Structure formats: structure tokens, C-alpha cells
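The values are calculated or read from the model by the stated rules, or taken from the named source; none is laboratory data. What you are looking at is a predicted structure, and each value in this text was computed from that prediction instead of being measured. So basically every Cβ, Gly included, is an ideal-geometry build from the backbone, and we count neighbours across all protein chains shown. Side chains are part of the model used for accessible areas, which takes the heavy atoms of the whole protein and leaves out ligands, DNA and RNA. Shrake-Rupley method; radii C 1.70, N 1.55, O 1.52, S 1.80 Å.
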Amino acid sequence: MKSKINMKEYLFITLGIMIVAGAVYFFMIPCQLVVGSLSGLVLVLSNFIPLSISTMTLVLNMLLLILGFIFIGKEFGAKTIYTSIMLPVFLKVFEILFPDPKPLTDEIIINTICYVLIVSIGLAMLFNANASSGGLDIIAKFLNKYFHIELGKAMTIAGMVTAFSSILVYDTKTLVISILATYFNGIVLDHYIDGFHVKKRVCILSSEYKKIQQYIVQEMRRGVTLYPAKGGYDNQDKVELITILTRPEYGELLKYIHEADPKAFVTVSMVSEVIGEWNRTKK
């Protein structure tokens, strides 16, 4: 079972890095965008350091990977090595299938927005699987782990180094677009990551609360909290059930509630983070 889980995880990571590669190849490269990333930083440094872009990218990536192994963990480092290999592989495939890509539009702003929206999806998938595309993503993961900064904000902080460095080579317009795109990228990334982690807080008032409680605990293998309540309309004593579920689990529970008690009163709110026993793997 463990190998199947790992296989699914690496398929998820592969899809994420393919999306990142697509964003880089079809938007960043043809439009010469300097959005906060290691590639952008190397592009700027190549004007001052007499080394090839590939050599500088390799050296900086290796240094950051070593830091990733030391400070973030072996699992993160191993996955990032995999993505660091797959990124150029996908870029090479795109080069063969779609040589000499052209910008989507003549407007650099539109191209930048498209790049940010697409690359953020891929990065969110990678971060959700405890991986990254390498480069400045490792610094963002470090800031997230040790300083509890949201990954999107951490990406913005790391990427601003590249964004501001663009003024050393390019014009003011490029600098402004780089700063705005890097900031926008962080916001969009956090939005996508929240989509992976968001949970449902379900509050239930039902005369069949014991049956619903039993279903949640025994069938769904989730915890439930009971609160005594009193109806303000009929002054009847009631019991409120509260549980935290994933989106699919919420759909499953709602279906059961409709069968067990169609008159049940259910309210739902969003939870962006859960800490504690809930996060342990269900048995």
C-alpha cells in the first residue's frame, strides 16, 4: 500500500513540475519575464559573472539543495532533486514539440498574468506534496518551516531579490512589472495552497444526533464534539455535533444526514488550517 501511495504522490509531483515547465517555456522565456525565481536571478548575474547560465544555475541549485536536505528534511530534498531533473526534461520535450515559442499576446502585462496564474498552480501542487521546483522555492520553504510565514509570502520575499536585481540590467518598466508580478505570484500561490488544505467545519442539530455521531466516528473515522444547546424558538434542549472534514468527506456526511434525518439543521464554515490529532492518518 505504501508504494502505491508514493507512486500517486510522484505522479502528482510530475504533473506539478510539468505545469511549471509549461509556464516557463510558453510564457517566461518568449516574453523575457523577470519574475522572482532562480532563473531570473541567474539571468541578471550572467551579465556580471563570466560563467554560463547553466553552470550558475547548477551551482546555485546544488547549494540550495544541500540547504534543503539540512534544514528542511531528507524527504523534501529527495523530491526536489527529482523535480530539478524533471524540469529540464520537460523543457527539452517542449523544445522538440514546440520549437521557437511565440508570446501569447503582444501585451507583456497579459502574458505576465497568464504566467503567474499557471506557474502558481504547479508550485502549489509541489508544495502540497512537500516538494518544490528547486531554486528560490527552497528558501521559501525554509522561511515557512522556521518562521511560519505563509508559502506565498515566503515566495514573495525570496523572489523580490530577483525582482529588484532586474534594474541592474533592464529598464524601469521591467523592474516595476517584476515587482508586481512577484507580489501577485505570492498572493495567487497562497490562494491555490489554501484550496488544497481547506477543511469544512460542520455543525449539526438533529434529533438523530446519536446515529450521526456513530456514523462519523465509526464509518468516517473522524472525531466529533458534542455541545448541549437550547433552541431559542421552541426552548427545547438539543445537542449540537461539530466535526472537521475534508471536502469529499463533507459530501459523504451530507448524503448520510439527508437519509438519517432530512430535517437536520446543518451549518458549514471553512477552516484553512487544522493542527493536532486530526492530521494523523486514518486507520
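Quick look at the numbers
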item: Boolean, residue 109 is aliphatic (A, V, I, L, M), open to solvent by 40 Å² or more (accessible area, probe 1.4 Å) and under 16 Å from residue 29 (Cα atoms); result: yes
item: Scan of the stretch 253-270 for residues that are surrounded by 14 or more Cβ atoms within 10 Å (Cβ to Cβ) and within 31 Å of the chain's Cα centre (by Cα), ordered by number; result: 253, 254, 266
item: Those residues of the stretch 143-199 which are open to solvent by less than 20 Å² (accessible area, probe 1.4 Å), more than 23 Å from residue 108 (Cα to Cα) and without any contact (Cβ under 8 Å) to a residue 40 or more places away in the chain, in sequence order; result: 154
item: Members of the stretch 129-155 found to be over 17 Å from residue 23 (Cβ atoms) and of a type in the set (S, T, N, Q), listed by number; result: 130, 144
item: Residue in the stretch 233-245 that is loosely packed, with under 14 Cβ neighbours inside 10 Å, in contact with a strand residue (DSSP E or B) (Cβ under 6 Å, 6 or more places away or on another chain) and over 30 Å from residue 132 (Cβ atoms) present; result: yes
item: Cβ-Cβ under 8 Å pairs, at least 6 apart or on other chains, the stretch 258-274 side modelled with pLDDT of 90 or more, far side open to solvent by 100 Å² or more (accessible area, probe 1.4 Å) and of a type outside the set (S, T, N, Q); result: none
item: Wholly within the stretch 168-263, helices (runs of 4 or more DSSP H) carrying at least 2 residues that are farther than 30 Å from residue 19 by Cβ; result: 209-214, 247-260
item: Given (1) part of a helix (DSSP H, G or I); (2) modelled with pLDDT of 85 or more, number of the condition residue 83 does not satisfy; result: (2)
item: Some residue of the stretch 91-104 being closer than 17 Å to residue 143 by Cα, open to solvent by less than 100 Å² (accessible area, probe 1.4 Å) and touching a residue at least 24 places away in the same chain (Cβ under 8 Å); result: no
item: The stretch 132-142, residues that are open to solvent by 10 Å² or more (accessible area, probe 1.4 Å) and touching a helix residue (DSSP H, G or I) at 6+ places or on another chain (Cβ under 6 Å); result: 133, 136, 139, 142
item: So residue 221, is it on the phi > 0 side of the Ramachandran plot, touching a residue at least 40 places away in the same chain (Cβ under 8 Å), within 32 Å of the chain's Cα centre (by Cα) and surrounded by fewer than 17 Cβ atoms within 10 Å (Cβ to Cβ); result: yes
item: Single condition residue 99 does not satisfy, out of (1) part of a loop (DSSP other than H, G, I, E, B); (2) within 19 Å of residue 26 (Cα to Cα); (3) touching a Phe, Trp or Tyr at 6+ places or on another chain (Cβ under 7 Å); result: (3)
item: Failed criterion for residue 118 (all others in (1) of a type in the set (A, V, I, L, M); (2) open to solvent by less than 80 Å² (accessible area, probe 1.4 Å); (3) more than 14 Å from the chain's Cα centre (by Cα) hold); result: (3)
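Results for (1) out of contact with any Asp or Glu (no Cβ under 6 Å at 6 or more places or on another chain); (2) part of a helix (DSSP H, G or I); (3) under 28 Å from residue 32 (Cβ atoms), shown as yes or no for each residue.
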residue: 69; (1), (2), (3): yes, yes, no
residue: 79; (1), (2), (3): yes, yes, no
residue: 90; (1), (2), (3): yes, yes, yes
residue: 112; (1), (2), (3): yes, yes, yes
residue: 115; (1), (2), (3): yes, yes, yes
residue: 118; (1), (2), (3): yes, yes, yes
residue: 146; (1), (2), (3): yes, yes, no
residue: 152; (1), (2), (3): no, yes, yes
